[in-house]
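The values are calculated or read from the model by the stated rules, or taken from the named source; none is laboratory data. Just so you know, these numbers come straight off a predicted model, no measurement behind them. All Cβ positions, even for glycine, are placed from backbone atoms using ideal geometry, and neighbour counts span all protein chains on display. Note: areas computed on protein heavy atoms with side chains; ligands, DNA, RNA excluded. Shrake-Rupley method; radii C 1.70, N 1.55, O 1.52, S 1.80 Å.
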Amino acid sequence: MAAKMISGTETAKKIREEIKTEIARLKEKHGITPGLATVLVGDDPASKVYVGAKEKSCKNLGVYSKRVDLPADTSEADLLALVDKLNNDPEIHGILVQLPLPKHINEPRVLYAIDPEKDVDGFHPVNVGKMVIGGDCFLPCTPHGVIELLVRYGIKTEGAEVVIVGRSNIVGKPVLNLLLQKREGGNATVTLCHTRTKDLAFHTKRADILIVATGHPKTVTGDMVKEGVVVIDVGVNRIGKTAEGKAILAGDVDFESVKEKAAAITPVPGGVGPMTIVMLMKNTLQAARNSI
Ligand code: GUN
């Protein structure tokens, strides 16, 4: 069976069109331009690419983008002072501090300093708590993008056996919570597997929908899934370089063997990645709306 491709690139394009109109309307009707501040500390090449892509997306959609690049030896106090300044900047509706931060900076302390009303990453405990109980809040971008892909491709989560591999705060845990909500894209029976799971293949073979976010290529191979599974691969691993020096990317799933059995699968790149950025734009628009 040839698996259907679940295209994040195409889906994100559609959502961009939807929000572009809304952003223009917000400007026209209320004179508000949504503003996003992105903060990058240090020069991690992957983080630079991600922040650059977020900045580009802002420009394309008419979102004001303020980028702050700081050296790797920036003190925690200086970073906290910047966050405080951005919290009080009326032109900025959303603040994103790119992770990971250098080791000498206490990551939670910085994330908790962001005003929850400007926390478009959805990482502040106030937003995490509201998400868990199904309240109105900013949803974290990658998990929200995963759910949006499933919904827009008509993949029914209600009553489905969904298996997640990976328990990170950024992906695994929030995806688990969203899938449990009593609403569209929720109502699933969810199993969350991690590095201490005894028999990973036992669980993955039971999955109707398999979501993989481990940060390791080939965590799941074809022999670990059942026929007809829907696979969402959240991984982005740099597995080498082309002759021109461009990074070669692979997901956390062994695409070649898994696609032979899957009913549908996300490619890497072009799967979850573009969805993360568009959900960030959606949250920034929402933050601007909330300021009216
Ligand atoms: N690093 C990897 N993913 C993310 C994300 O979604 N937001 C931020 N701020 N940093 C990240």
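What to note about this one:
- Applying the criterion of being crowded, with 23+ Cβ neighbours inside 10 Å and out of contact with any strand residue (DSSP E or B) (no Cβ under 8 Å at 6 or more places or on another chain) to the residues of region 91-123, the residue that is farthest from residue 79 (Cα to Cα) is 122.
- Residue 140 being within 15 Å of the ligand (Cβ to nearest atom), without any contact (Cβ under 8 Å) to a residue 60 or more places away in the chain, open to solvent by less than 30 Å² (accessible area, probe 1.4 Å) and of a type outside the set (A, V, I, L, M, F, W, C): yes
- Any hit, region 27-39, residues being within 11 Å of the ligand (Cβ to nearest atom) and open to solvent by less than 60 Å² (accessible area, probe 1.4 Å): yes
- Candidate set from region 46-68 (those that are in a helix (DSSP H, G or I) and free of Cβ contacts under 8 Å to residues at least 40 places away in the same chain); member that is farthest from the ligand (Cβ to nearest atom): 59
- Residue that is closer than 19 Å to residue 268 by Cβ and in contact (Cβ under 8 Å) with a residue 24 or more places away in the chain, where the choices are 145, 122: 145
Yes or no, residue by residue, for (1) within 16 Å of residue 98 (Cα to Cα); (2) among the β-branched types (Val, Ile, Thr); (3) in contact with a Cys (Cβ under 8 Å, 6 or more places away or on another chain):
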{"position": "12", "(1), (2), (3)": "no, no, no"}
{"position": "23", "(1), (2), (3)": "no, yes, no"}
{"position": "34", "(1), (2), (3)": "no, no, no"}
{"position": "45", "(1), (2), (3)": "yes, no, no"}
{"position": "48", "(1), (2), (3)": "yes, no, no"}
{"position": "53", "(1), (2), (3)": "yes, no, no"}
{"position": "65", "(1), (2), (3)": "yes, no, yes"}
{"position": "73", "(1), (2), (3)": "yes, no, no"}
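- Looking only at region 245-261, and only at residues there that are loosely packed, with under 15 Cβ neighbours inside 10 Å and among the acidic types (Asp, Glu), the one that is farthest from the chain's Cα centre (by Cα): 260
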